[in-house]
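Beneath this line is the structure, given in structure tokens, with notes to follow.
No lab work stands behind these numbers, since they all come straight from the coordinates. Predicted, not measured: the structure shown is a model, and the values here were computed from it. Quick reminder, even Gly has a Cβ in these numbers, built from the backbone with ideal geometry, and neighbours come from all protein chains shown.
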Amino acid sequence: MTDLLKTDLRRSVKDKLFLVLCIIGGAFALIIPLLYKGIFMLLGFDQETIELLYEMGLGINAKSMLFSSFSLGNNFGLMLPIFVTIIICKDFSGGTIRNKIISGKSRASIYFSMLITTAILVCGFIFAHAILTMLVSLIFFDYQPTAFTMSDFGYLMASLGMELLIYFMVSAIITFFIVNMKRAGLSIVMYFVVYFVMTVVGSIIGAVYMFADPDSTFHGFLEFLNASNAFTTTAIGTGMSYALKDILYLVLPNAALCALIVGLGYLTFRKKDIK
Amino acid sequence: MDYVLETFDLSKRYNSQWALKDVNMRVAKGDVYGFVGENGSGKTTVIRLVTGLIFPTKGHSALFGVRDDDPAILAQRRRVGAIVESPSIYMNMSAADNLRLQCSVLGIKEGVEEKVQKTLAAVGLSDLYESKKLAGNFSLGMRQRLGIGMALIGEPELIILDEPMNGLDPAGIVEVRELIIKLNREREITFLISSHILSELALVATKYGIISKGVLVKEITTSELLRECRASVLIESKNTSELISLVKSTFSPDDYTQTTSGVKVYGDIDLNALLGKIISAGISLDSVVCSRMGIEEYYLSLIGGKAND
């Protein structure tokens, strides 16, 4: 599989869209913090006001910029699946996937190489974009209102780990649709159908949760659903520490979902006719 | 005999439609196997099945004696190079980069540059080794040759080419044909070449498989084919009806066909005797043309009708 993985990565990096993604990701990382700084300057906000706004949940600092950059509904988070799907799907549209099968590569190695390549592209780009956004933000804003401690570092690492899980799931969904649809357009449409369904469902669950009896089991179940919806979760990076419940609610169901999507994707690809 | 490729009742059904029904074919080592059939006859389906792109509904195939449901088939596929339908190349890469990437797929790590250079030379694209020209800007013939190069770089023992002459100009057809002959003779590579035009394969094939409507109608060697292609005499006359009556009384219905201005008689006949009979019956002759049945005619007679093209 190493040979295939090298091939997939090499051809992805050589794709013009890879360069386009680098430019877009870099441009957003530079422009967005700059825009916020500009707006705050225009409004005449000083550092104290900015920190006050942050405490009210409205403000901006490097930490909030870092985690908002990870949002699936944000500019780059929305664009990334489109570009990566087009890059990966070229193996099907150009017929080059046939070379791999004819060369005696197993369906498993082809599928997992494609999945890992997708994950490296998706996670690599989103992490590079988010970290660059944070670094640019640090020029204009503090990381957070309080001093950065070792516990903040632990919290940061845990948060990044959870983002990695979410983006791995996005990669698994993308790969699942690519191997089943074999066309970039259809795969992108299907991804966004899932994205919008999950977002709408997340909003409905969120609304019902607010009005449910806080002592009921139903409330607890809604809390679980609310926290585990990777598409709408706001639990990552917005606090100072995690309760064990937060981690279990977010990590376990999504890890299981990832395994399910990957397994289903492989099972369907294993016996899929390739034309 | 060593068979490089065999199929056993190979069948494929799409929904309720059988695209392929009980195909039993054998490609021996060293053959240039011409796989002929009209468009939609099932040639590409057979090729997809034997290369593992699609799965059979019934039956199986074997490469170098290994069945396609045996896990060892993957190692045997490594001994095969193929172009299915169109050359599978990365259009946003140069010829050399495409070959380097194929080396990477095949896990070739040693002497990659030498292999790339040699392969480009073998397919007549040497001047593209250092060229940055992208495959997307190549002519159809260049793409076809690069596709053959991609199939060739792993030093396969069997090369499967699906309609390799499609879209090529006459010069391109000659180039590809000469390349196939050279590789077959010099490197002893076995070829399976599909085409919907039998005459395209006539100069290269050593054996033919003729497929129609998903059924393998006949497997025939080139020498058998030439024997089967019978001699014929076209006799034209103004007294067509009398001529036909005379021929009818002399030959069985399988041995002649009527034309608009005369009759065509098949087989190694005694021409002098026939012409003497016609003249003594007072039938005037306009023309007498002797010929042998073309392989296209033979092919059409096998599949029972006109080809689509």
| field | Cα→Cβ-extended label distance, 7 Å offset, between B:Glu114 and B:Glu130, nm | value | 2.0
| said: Per 0.36 nm of contour for each residue apart, how much would the distance between B:Lys238 and B:Leu140 grow if the chain were fully extended, relative to their Cα-Cα spacing? | reply: 30.3 nm
| Estimated dipole of chain A in Debye, rounded to 20 [Cβ of Lys and Arg +1, of Asp and Glu -1, Cα centre] | 2120
| field | Computed E for B:Gln258/B:Leu226 - FRET, C-beta separation, R0 25 angstrom, nearest 0.05 | value | 0.40
| Picking from A:Leu42, A:Leu30, A:Leu52, which is most flexible by a Gaussian network model of chain A using Cα springs under 10 Å? | A:Leu42
| message | A 25 angstrom limit on the alpha carbon distance is what I want to check against. Which of A:Lys105/B:Lys213; B:Lys109/B:Lys182; A:Lys105/A:Lys271; A:Lys16/B:Lys132 exceed it? | response | A:Lys105/B:Lys213; B:Lys109/B:Lys182
| task | Show which aspartates and glutamates lie in cross-link reach of B:Lys277 when reach means a straight Cα distance below 19 angstrom and same-chain residues fewer than eight apart are skipped. | result | B:Glu236, B:Glu242, B:Asp255, B:Asp268, B:Asp286
| task | Please build a GNM for chain A, connecting alpha carbons under 10 Å apart, and tell me which residue among A:Ala212, A:Ala172, A:Ala243 fluctuates the most. | result | A:Ala243
| Gap separating the Cα centres of region A:249-271 and region A:110-140, nearest whole Å | 21
| remark: For region A:167-275, the charge dipole (Cβ of Lys, Arg +1; Cβ of Asp, Glu -1; about the Cα centre) points to a positive end, and the Cα of A:Thr268, A:Met240, A:Phe168 closest to that extreme belongs to A:Thr268
| query | Counting only the backbone N, which residues of region A:167-210 are under 19 Å from the spot 7 Å out from the Cα of A:Ala243 toward its beta-carbon? | reply | A:206-210
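Roughly speaking, what is the stretch gain from B:Asp22 to B:Phe251, that is 0.36 nm per residue apart minus the C-alpha to C-alpha distance, in nm to one decimal? The partial results should precede the final answer.
Working: separation 229, 0.36 × 229 = 82.44 nm, distance 3.70 nm.
Result for the pair: 78.7 nm of gain on full extension.
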| query | What is the magnitude of the charge dipole of chain B about its Cα centre, with +1 placed on the Cβ of each Lys and Arg, -1 on the Cβ of each Asp and Glu, and no other charges, expressed in debye to the nearest 20? | reply | 500
| request: Find, among the GluC sites (Glu not before Pro) in region B:104-151, those assigned to loop by DSSP (not H, G, I, E, B) with at most 14 other beta-carbon atoms within 10 angstrom. | output: B:Glu110, B:Glu130
| Cα centroid distance between region B:260-309 and region A:25-49, in Å? | 91
| task | Mind putting a number on the dipole of the protein assembly as shown about its Cα centre? Charges go on the C-beta only, +1 for Lys and Arg and -1 for Asp and Glu, and I need it in Debye to the nearest 20. | result | 840
| request: Quantify how strongly other chains surround peptide B:148-159 by giving the mean number of their Cβ atoms within 10 Å of each of its Cβ atoms. | output: 1
| remark: Tilt, helix A:107-140 to longest principal axis of chain A (alpha-carbon atoms), in degrees rounded to tens, equals 20
| query | Between A:Thr199 and A:Ala259, 0.36 nm times their residue separation minus their Cα-Cα distance comes to what? | reply | 19.5 nm
| field | Normalised contact order of chain B, rounded percent, pairs of Cα under 8 Å and 6 or more residues apart | value | 21
| message | So the label point goes 7 Å from the Cα of A:Leu34 along Cα→C-beta, right? Which residues of region A:117-141 then have their backbone N under 18 Å from it? | response | A:129-141
| request: Identify which of A:Leu66, A:Leu43, A:Leu53 has the largest mean-square fluctuation in a Gaussian network model of chain A, with springs joining Cα atoms closer than 10 Å. | output: A:Leu43
| field | CD proxy at 222 nm, helix term only [per DSSP H run n ≥ 4: -39500 (n - 2.57); per residue of the protein assembly as shown; nearest 500] | value | -18000 deg cm²/dmol
| note | Tilt, helix A:217-228 to longest principal axis of chain A (alpha-carbon atoms), in degrees rounded to tens, equals 70
